[in-house]
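Quick notes on the structure that follows.
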Amino acid sequence: MINLIQSEIYKLVRNKTFGYLMMASFILSFVLHILIIVDWWQLGGTSLDIAGLGELNALNIYLLPLFFNILVSTLGAFYISNEFSQNGQIKNPIISGKKRYQIFFSKYFVFTVSSIVISVLLPILTGIISVYILGHGEIFTTAKIIYLGIAIILFIFQFLSFTAIVFLIAMITGDSGKTILFTLLLTIFMLLVEKLSSGSIVEPLYHQTVFHQYSLVLKFNITSAEVIHSIFIGSIWFIILLLCNIFVMNRREIK
């Protein structure tokens, strides 16, 4: 398994798409944070404002499913789906005797970690650095750091399910364009469900999805019960999606 992970890391580092996405995420995050900190672009009434961390309001952009979908689905399209295309190299480790579930977990692990780096860690680190550069480092009190840490953990719990969704779509389609398209359509569909389900019998069902949990991770003064519920929802969907991925991986025809 370790050798498989090392092999995946090597392929990821050599993947130009990963480098371009890292660069784009870093530059965009840096620009957005600077614009907000100098009050050129104002976002008011956010949970980060209530928490006293308004200088990090650019993170709200990265929490939008439609936004981080672009980053993650693009990486999945050119890193995962190409592996399952007719000219992909997914058959090589299978021929060498590796178990399919081992291949899946190694690819999913590297894909998820790299997605977290691009969509979560880079924006947060860039935001913190920008705040200190512009002389606002005093906003980071112990209580605010704890709040931010809890929000990051809750987001990652839900994010694991999203990377599993992208991986599943990439594996089924084996095509980079279809991976991006279907992932985008799914995200748009869930956003429509959110907007149109208010007051209907669908609303409580939607509240049990990871897409709803994304809007709650930055909630100020979140209760322990809400934290536990969010972790529970993320864990259940993560397990279900992992099982779906393994099922498809074991039955997919590899040419």
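Every read-out reported here was derived from the displayed coordinates using simple, explicitly stated rules and does not represent laboratory data. Keep in mind it's a predicted model, so treat the numbers as computed, not measured. As a convention, Cβ positions derive from the backbone with ideal geometry for all residues, glycine included, and neighbour counts pool all protein chains shown.
Contact order for the chain, expressed relative to its length and based on alpha carbon pairs under 8 Å spaced 6+ residues apart, stands at 29 percent. Placing unit charges on the Cβ atoms only, positive for Lys and Arg and negative for Asp and Glu, gives the chain a dipole magnitude near 1200 debye about its Cα centre. Among ILE180, ILE201, ILE116, a tally of other beta-carbon atoms within 10 Å of each Cβ gives an order, fewest to most, of ILE201, ILE116, ILE180.
Over the chain, dividing the summed -39,500 (n - 2.57) contributions of all DSSP H runs of at least 4 residues by the number of residues returns a 222 nm mean residue ellipticity of -23000 deg cm²/dmol. Here GLU203, GLU194 are placed in order of increasing Cβ neighbour count within 10 Å, fewest first, which gives GLU203, GLU194.
Between SER235, GLY76, SER200, whose Cα lies farthest towards the positive end of the dipole of the chain when Lys and Arg beta carbons carry +1 and Asp and Glu beta carbons carry -1, centred on the Cα centre? After comparing all options, I get GLY76. At q = 0.18, 0.28, 0.34 Å⁻¹, work out log10 I(q)/I(0) for the stretch 7-48 with the Debye formula, treating every Cα as an identical point scatterer and leaving solvent out; two decimals please. Once normalised to I(0) and log-transformed, intensities are -0.63, -0.93, -1.04. Packing here is the average count of other Cβ atoms within 10 Å per residue, and on that basis the peptides 51-57, 98-104, highest first, run 51-57, 98-104.
When the inverse distances between all different Cα atoms of the stretch 94-229 are averaged and flipped, the Kirkwood radius reads 17.7 angstrom.
Using the Karplus curve 6.51 cos²θ - 1.76 cosθ + 1.60 with θ = phi - 60°, work out ³J(HN,Hα) for each residue of the stretch 128-140 in order, rounded to whole Hz, and write x for Gly and Pro. For the stretch 128-140, the Karplus-derived couplings read 5, 4, 4, 4, 5, 4, 8, x, 10, x, 5, 6, 8 Hz, x marking Gly and Pro.
Footprinting exposure proxy ranking of VAL120, VAL217, fewest other C-beta atoms within 10 angstrom first, gives VAL120, VAL217.
Normalised by residue number, the volume inside the convex hull of the Cα atoms of the stretch 6-143 is 132 Å³ per residue. The average projected area of the stretch 2-251, computed from the convex hull of its Cα atoms over all directions, is 14.7 nm². Helix 16-37 versus the longest principal axis of the chain: what angle, 0 to 90°, nearest 10, using Cα atoms? Between helix and principal axis, roughly 10 degrees.
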